[in-house]
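First comes the structure, then the notes that go with it.
The values are calculated or read from the model by the stated rules, or taken from the named source; none is laboratory data. Since the model is a prediction, treat every value here as computed from it, not as a measurement. Glycine gets a Cβ as well: all are built from the backbone with ideal geometry, and neighbour counts include every protein chain shown.
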Amino acid sequence: MKKIERMLDQIEKTLQQSFDPVELEVLDVSEAHRGHSGFEEGGESHFEVKIVAAYFSSMNRLAQHRAIHKALGPSVMGKIHALALKVSGT
């Protein structure tokens, strides 16, 4: 039987593999959005990510966000409601 991977773990693993960050923090903040649009019982709908990686050093904010969205792909982005990003280069 295949173990179902939590969305938080999937996001963290993908960002770690894609960008080799020196700092990475992924938080499921879904509960703070109870009663708001996009909230789903059980969480895994709203996330905050803080990532610091050399990969982002020469990019503007829009390019950084696009790179993260592309790395996560439709399999993640299509399942979550919100992704707050704090991105910086080293």
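Which residues, taken from segment 40-90, are assigned to a loop (DSSP other than H, G, I, E, B) and either under 9 Å from the mean Cα position of the chain (by Cα) or over 21 Å from residue 5 (Cα atoms) (or both)?
Within segment 40-90, 53, 57, 58, 59, 60, 89, 90 meet the criteria.
Taking segment 68-82, which residues are in contact with a strand residue (DSSP E or B) (Cβ under 9 Å, 6 or more places away or on another chain) and touching a residue at least 40 places away in the same chain (Cβ under 8 Å)?
Matches in segment 68-82: 68, 72, 76, 80, 81, 82.
Find the residue count for segment 48-87, including only residues that are hydroxyl-bearing (Ser, Thr, Tyr), closer than 17 Å to residue 22 by Cα and surrounded by fewer than 15 Cβ atoms within 10 Å (Cβ to Cβ).
Count: 2.
Output the residue which, of all residues in segment 17-30 that are modelled with pLDDT of 90 or more and polar (S, T, N, Q), is surrounded by the fewest Cβ atoms within 10 Å (Cβ to Cβ).
This residue is 17.
Quick grid of which residues meet (1) over 19 Å from residue 14 (Cα atoms); (2) modelled with pLDDT of 90 or more:
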{"site": "32", "(1), (2)": "yes, no"}
{"site": "36", "(1), (2)": "yes, no"}
{"site": "39", "(1), (2)": "yes, no"}
{"site": "60", "(1), (2)": "yes, yes"}
{"site": "63", "(1), (2)": "no, yes"}
{"site": "71", "(1), (2)": "no, yes"}
